[in-house]
């Protein structure tokens, strides 16, 4: 088995796990901001407890600054994602993330200083009608939630591209990289939390009852494990291929939301056509990449 195939398999496993994140976000009773704050706090605490100290000491100051900055984008992305879930619902939250591939077709070439690849742009655009069919008829009274989710998708495309650039240039160990980035996410959510508590002192912050179980599952199983595996996989995949594969997450998320919350009671023909479009886009990318990059001149930049 090649390194690239192992990377794809690991990434698909991560996407399967991420399919539960919107569901867990719906189950946890806290608002988006304290939910994300607890999520990254638990992740950072777990990494500090189990990660060898030598790994973090080997992170240079310049690496730390770059990784911390990426972590800030990750934190804001999560705030947007769970904000979309809370403002609208889980289906709208995961559906908005389908635009990530479209943004990634621009973000990766800009960050990596490469040319835009027309076939990646086409695949990213093809995801959009597919996702519209998967979700079905969105209640447009939830358009604010959808807009917040699309902003989160843009941030996901940007921080994935920055992570790819870091991984291609003498990166630190994945656990150390995860800790610094999640610390950046914790920092930005903590900074936002202060004025929010001053503005709304009655905002619930403490976890209650089953929230403790759901937040632990979200933090350890659905965050730390896939975060680590994704960083490993991205050593062998482009940022666009990573984001395109992650577009399978809404399929799992919408199915789970339909079963648990009855948010989409009729998964009829439109759902399966949309699912086929997304699957076609995801699985055709490696073949198109191989075909068109073989045809590219030797001097052309490739990812």
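Since every read-out is calculated from the coordinates, none of them should be taken as a lab result. Just so we're clear, the structure is a prediction, and the values are computed from it rather than from any experiment. Glycine also receives a Cβ, built like all others from the backbone with ideal geometry; neighbour counts cover every protein chain displayed.
For this structure, a couple of remarks:
- Dividing the convex hull volume of the alpha carbon atoms of region 45-126 by its residue count gives 141 Å³ per residue.
- Taking every alpha-carbon pair within region 74-115, the share separated by more than 17 Å comes to 43 percent.
- Taken along its three principal axes, the alpha carbon spread of region 1-60 comes to 42, 31, 19 Å, from the longest extent down to the shortest.
- Per residue Cα convex hull volume in Å³ - calculated over region 143-220: 137 Å³
- Value of [θ]222 nm, deg cm²/dmol, for the chain, DSSP H segments ≥ 4, -39500 (n - 2.57) each, nearest 500: -24500 deg cm²/dmol
- Taken as Cα centroids, region 173-200 and region 17-88 sit 7 Å apart, rounded to the nearest whole angstrom.
- Considering every alpha-carbon pair of region 102-193, the percent of pairs per 10 Å bin, from zero through the bin containing the longest distance, is 13, 33, 32, 20, 2.
- P(r), alpha carbons of the chain - 20 Å bins starting at zero, rounded %: 34, 59, 7, 0
- A crude spin-label estimate for the pair residue 132 and residue 280, with each label 7 Å from Cα along the Cβ direction, gives 1.5 nm.
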